[in-house]
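**Student:** Quick one: the structure is below, questions incoming.
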Amino acid sequence: MFTLYWEYLAGSIVVQSVLEEIGAEYRLHYVDMGADGHRTPDFLRLNPTGRIPALGYADGKTIGETAAIVTLLGEMYSGSRVAPAPGDDNRGEFLYWLNVMTTSGYMTAARLGHPERYANSSKAIEEVGAKAAIDYDAFFDVIEDAIAGDPYFMTRGLTALDFYVTMLTEWHANKQSLFGSRRKLSALCESVNESRSYKAAMETHALPQT
């Protein structure tokens, strides 16, 4: 039984999608980041970086960082299709793009959504946000060119990379513009959005109606 520490529309989307896809048993533990739930002593004992998501697993262990969690789950459930197993021909390709998505895509999304974390003055914050928007589009241009399957990212079929890319598009401000000029990305996300695993994750992460 896994424990997924999550927040609405956070990186926990990809982790929950993978948990669903591999058929693992898990429970959800909501962490209210708006109320600094990720900074409490209890949570910091589990994940010293204070970042969401985190995953609790065997013998009380907990790890954070989406790439680490996805890699671990792929190895624990090597018979699933979410990740190439160690030794597979396209294992290196998978790990490469997983880390591109986490370091370039995910962190650019963080700058775009929270530019105040990266600057102090109002002008600088505005500039950070504007540059992040440009960088985010450039990131998706790279992804568009890299998509090798039809419709999925890799020719082997659906993997965690597809869940990850689709999650990243959730944070783009203009979906029409994003997909209008990126045919392969649009087809990939359309397929992922129809998958049972991603639908289950998005049902969890949908913001409550006010």
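**Student:** Being open to solvent by 30 Å² or more (accessible area, probe 1.4 Å) and part of a helix (DSSP H, G or I) narrows it down to one residue among ARG51, ARG45; which is it?
**Tutor:** Sole residue among the options that is open to solvent by 30 Å² or more (accessible area, probe 1.4 Å) and part of a helix (DSSP H, G or I): ARG45.
**Student:** Which of (1) without any contact (Cβ under 8 Å) to a residue 12 or more places away in the chain; (2) open to solvent by less than 80 Å² (accessible area, probe 1.4 Å) does TYR26 not meet, given it meets every other one?
**Tutor:** Unmet condition: (1).
**Student:** Just for region 109-143: of the residues that are over 30 Å from ARG91 (Cβ atoms), touching a residue at least 24 places away in the same chain (Cβ under 8 Å) and of a type in the set (A, V, I, L, M, F, W, C), which one is least open to solvent (accessible area, probe 1.4 Å)?
**Tutor:** ALA132
**Student:** Among the residues of region 55-87, write down those that are assigned to a loop (DSSP other than H, G, I, E, B) and either aliphatic (A, V, I, L, M) or at positive phi (or both).
**Tutor:** Selection gives GLU65, VAL82, ALA83, ALA85, GLY87.
**Student:** Looking only at region 144-154, decide whether some residue is open to solvent by less than 30 Å² (accessible area, probe 1.4 Å), free of Cβ contacts under 8 Å to residues at least 40 places away in the same chain and within 30 Å of VAL31 (Cα to Cα).
**Tutor:** Checking region 144-154: not a single residue is open to solvent by less than 30 Å² (accessible area, probe 1.4 Å), free of Cβ contacts under 8 Å to residues at least 40 places away in the same chain and within 30 Å of VAL31 (Cα to Cα).
**Student:** How many of the residues in region 36-60 are over 21 Å from LEU73 (Cα atoms), modelled with pLDDT under 95 and among the aliphatic types (A, V, I, L, M)?
**Tutor:** 0
**Student:** If I go through region 191-210 residue by residue, how many of them are among the β-branched types (Val, Ile, Thr), open to solvent by less than 40 Å² (accessible area, probe 1.4 Å) and within 22 Å of TYR30 (Cβ to Cβ)?
**Tutor:** Summing the residues that are among the β-branched types (Val, Ile, Thr), open to solvent by less than 40 Å² (accessible area, probe 1.4 Å) and within 22 Å of TYR30 (Cβ to Cβ) in region 191-210 gives 1.
**Student:** Against the definition (in contact (Cβ under 8 Å) with a residue 40 or more places away in the chain and of a type in the set (D, E, K, R)), how does ARG81 come out, yes or no?
**Tutor:** It is true that ARG81 is in contact (Cβ under 8 Å) with a residue 40 or more places away in the chain and of a type in the set (D, E, K, R).
**Student:** Are any of the residues in region 10-21 surrounded by fewer than 17 Cβ atoms within 10 Å (Cβ to Cβ) and either in a loop (DSSP other than H, G, I, E, B) or touching a residue at least 12 places away in the same chain (Cβ under 8 Å) (or both)?
**Tutor:** No, there is no match, as no residue in region 10-21 is surrounded by fewer than 17 Cβ atoms within 10 Å (Cβ to Cβ) and either in a loop (DSSP other than H, G, I, E, B) or touching a residue at least 12 places away in the same chain (Cβ under 8 Å) (or both).
The values are calculated or read from the model by the stated rules, or taken from the named source; none is laboratory data. What you are looking at is a predicted structure, and each value in this text was computed from that prediction instead of being measured. As a convention, Cβ positions derive from the backbone with ideal geometry for all residues, glycine included, and neighbour counts pool all protein chains shown. Protein only, heavy atoms only, side chains kept; ligands, DNA and RNA dropped before computing areas. Shrake-Rupley method; radii C 1.70, N 1.55, O 1.52, S 1.80 Å.
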